[in-house]
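The next block holds one structure in the form of structure tokens; read it before the comments.
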Amino acid sequence: MQSLDIQGFSYEERQGILPSLTSAFADCGGWILNRKTLSPTTMEFRVEIQLRAVIDLYASIIASGLELTRAGHLGFTHLCTCRKNLTTPADLGQIVTIRLEISFLEDATLQSLFLSAGDRA
């Protein structure tokens, strides 16, 4: 089983993007394993999806308005490349676990951004 950590952000309000994301997960056959709030401006989703549906999930996440980091785009690109090169139904049925961390920048204040940056140092 492969796993992927993705970070993204949005300038939209939670109420606007969260329904789109949960629909994107469901439409691609994904299972939401966990959904939790990490801070007042950050949420985390843990999702399992079959490798065959990773392109659809990637496109749906982008279409929902979520901006991904460069590393997030590279991670999805890697999975899409793996999918392209695997052809047997068993290979395409592999389960991938995705941890998606979303920062809502509309809710963030300058002070909270400085505090969270200090926590990572």
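The values are calculated or read from the model by the stated rules, or taken from the named source; none is laboratory data. Only a predicted model underlies this, so the values are computations on that prediction, with no experimental measurement involved. For neighbour counting, all protein chains shown are included, and Cβ atoms are generated from backbone atoms with ideal geometry for every residue, glycine included. Quick note on the areas: whole protein, heavy atoms, side chains included, nothing else; ligands and nucleic acids left out. Shrake-Rupley method; radii C 1.70, N 1.55, O 1.52, S 1.80 Å.
Brief remarks on what is shown
- Restricting region 49-60 to residues that are aliphatic (A, V, I, L, M) and in contact with a Leu (Cβ under 7 Å, 6 or more places away or on another chain), the residue that is surrounded by the most Cβ atoms within 10 Å (Cβ to Cβ) is 54.
- Test result for residue 46, over 14 Å from residue 99 (Cα atoms), among the basic types (Lys, Arg) and open to solvent by 70 Å² or more (accessible area, probe 1.4 Å): no
- Scanning region 1-23 for residues that are open to solvent by less than 20 Å² (accessible area, probe 1.4 Å) and either hydroxyl-bearing (Ser, Thr, Tyr) or in a strand (DSSP E or B) (or both) yields a total of 3.
- Selection from region 53-70 of residues that are in contact with a helix residue (DSSP H, G or I) (Cβ under 8 Å, 6 or more places away or on another chain) and part of a loop (DSSP other than H, G, I, E, B): 64, 65, 66
- Residue 100 being touching a Gly at 6+ places or on another chain (Cβ under 9 Å), surrounded by 20 or more Cβ atoms within 10 Å (Cβ to Cβ), within 21 Å of residue 10 (Cβ to Cβ) and at pLDDT 80 or above: yes
- Some residue of region 24-43 being modelled with pLDDT of 85 or more, open to solvent by less than 60 Å² (accessible area, probe 1.4 Å) and part of a helix (DSSP H, G or I): yes
- Meets criteria (at positive phi and not aromatic (Phe, Trp, Tyr)) for residue 8: no
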